[in-house]
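Worksheet: the structure to be examined is printed underneath.
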Amino acid sequence: MSEKKNRLILHSSVAWNVPVTMDVDVARRVGFDGIDPSTRKLRDFLNAGFTEQDLVARLDGIDIPGFGAVFDIERQGASEIDLMTEAEATFKLAQIVGARGIQVMTGPVDVRAVIAHSKGVPTDLYTGMLGFSREDQVAVTVRNLCRIADMAAQFNLLLYLEPMSWTPLNRIADNVEIIDRAGRDNIRLIIDYWHCFTAGDTPDVVAGLNKDLLYGVHIGDSRSFSGGIPLESDLRDVRLGSGAIDLKLWTDAVKATGYDDWWGCESFYRKWHQEDAYEVAREVHRQMSELISA
């Protein structure tokens, strides 16, 4: 039997303050087709003293297309060793829970490093490839991504690259180039509305992509953004559907590619994180269903 098309997946950020076991219950009671759990929630369960077998039992076979993430994939030197160790541990966790993919991101993931660099202020934060030429940034990222992808293949996993809008390689075109140059058949691109919007990409860019390149969509909204370094904690503190992103326009752009796999929705609206997770998830599910089926 073929897999259901346009599956709606509950992202861990929707019910940010509940454990992964609650994510499973919320998803099933509300009608989601699966979950996109965070590494944090999965590890919190194990770190509480539960076994891997306990985790598998609590997940109870729920669909997990992927989760994230492996960050700062351009790390070099001693930190590159840490990167590969983190990647392997994440892939082992994915194998335990039955995930099919792992999200990866270029860095620096900490926006404070980007702000410090822009001001010429010294910082002890990880700064990645800030200040390097674009060619060097791409070359190092491609090299490391190849290593990570080859390791992921040993676990029968896909990688899906998400452009981070405050990082040097923040545009869709940058990440398509990285994937093309890596030349691995287990690397894909995820479309995140907020990161695309704040990086300056447009729905037309998304509509022109090859659907076979895509794995996953993160629907998300934003406050108005006039440029500069995007501050996620401020800009994403908005109720889904009430912000500056035209969710239908972006969704239609994804659908124009012919993409019909899984869709998630990220929410960093702080008020929702303090409210009933089931009610919030029902509203997210309603909006997602209307956007995708329209």
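The values are calculated or read from the model by the stated rules, or taken from the named source; none is laboratory data. Bear in mind the structure is a predicted one, so any value in this text is a computation, not a measurement. Neighbour counts run over all protein chains shown; Cβ positions are idealised from the backbone, glycine included. The protein model used for the area step is the full one, side chains on, heavy atoms only, and it has no ligands, DNA or RNA in it. Shrake-Rupley method; radii C 1.70, N 1.55, O 1.52, S 1.80 Å.
General remarks:
- Residues of the range 4-35 classified as touching a residue at least 40 places away in the same chain (Cβ under 8 Å) and in contact with a Pro (Cβ under 7 Å, 6 or more places away or on another chain), total: 3
- Close contacts from the range 36-57, counting a first residue that is more than 16 Å from GLY264 (Cβ to Cβ) and free of Cβ contacts under 8 Å to residues at least 40 places away in the same chain and a second that is surrounded by fewer than 19 Cβ atoms within 10 Å (Cβ to Cβ) and hydrophobic (A, V, I, L, M, F, W, C), with Cβ to Cβ under 7 Å and a gap of 6+ residues or different chains, come to PHE45/LEU55; LEU46/LEU55.
- A Cβ distance below 8 Å, combined with a sequence gap of six or more or placement on separate chains, defines the contacts here; from the range 113-139, residues that are open to solvent by 70 Å² or more (accessible area, probe 1.4 Å) reach residues that are small (Gly, Ala, Ser) in the pairs HIS117/GLY131; PRO122/ALA116; TYR126/SER79; TYR126/GLY107; TYR126/ALA113.
- Every condition in (1) touching a Phe, Trp or Tyr at 6+ places or on another chain (Cβ under 6 Å); (2) over 18 Å from TRP250 (Cβ atoms); (3) crowded, with 18+ Cβ neighbours inside 10 Å is met by ILE229 except one, and the failing one is (3).
- Total residues in the range 103-138 satisfying the condition of being assigned to a loop (DSSP other than H, G, I, E, B), polar (S, T, N, Q) and under 15 Å from GLU74 (Cβ atoms): the figure is 3.
- Residue list for the range 237-247, restricted to those being within 19 Å of the chain's Cα centre (by Cα) and under 17 Å from ASP201 (Cα atoms): ILE245, LEU247
- Looking across the range 34-79 at every residue that is more than 17 Å from the chain's Cα centre (by Cα) and among the aliphatic types (A, V, I, L, M), the one that is nearest to GLU3 (Cα to Cα) is identified as ILE62.
Matching residues to (1) over 20 Å from ASP110 (Cα atoms); (2) open to solvent by 50 Å² or more (accessible area, probe 1.4 Å); (3) in a helix (DSSP H, G or I); (4) free of Cβ contacts under 8 Å to residues at least 12 places away in the same chain:
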| position | (1), (2), (3), (4) |
| --- | --- |
| ASP212 | yes, yes, yes, yes |
| SER224 | yes, yes, no, no |
| SER233 | no, yes, yes, no |
| ASP237 | no, no, no, no |
| LYS248 | yes, yes, yes, no |
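- Annotation: of all residues in the range 262-284 being open to solvent by 10 Å² or more (accessible area, probe 1.4 Å) and among the hydroxyl-bearing types (Ser, Thr, Tyr), the one that is farthest from SER242 (Cα to Cα) is TYR278.
- Exactly one residue out of ARG171, ARG181, ARG147, ARG143 is open to solvent by 10 Å² or more (accessible area, probe 1.4 Å), within 23 Å of LEU93 (Cβ to Cβ) and at pLDDT 95 or above, and it is ARG147.
- Checking each residue in the range 139-176 for being touching a strand residue (DSSP E or B) at 6+ places or on another chain (Cβ under 7 Å) and either under 17 Å from ILE229 (Cα atoms) or not in a helix (DSSP H, G or I) (or both) picks out LEU157, LEU158, LEU159, TYR160, LEU161, GLU162.
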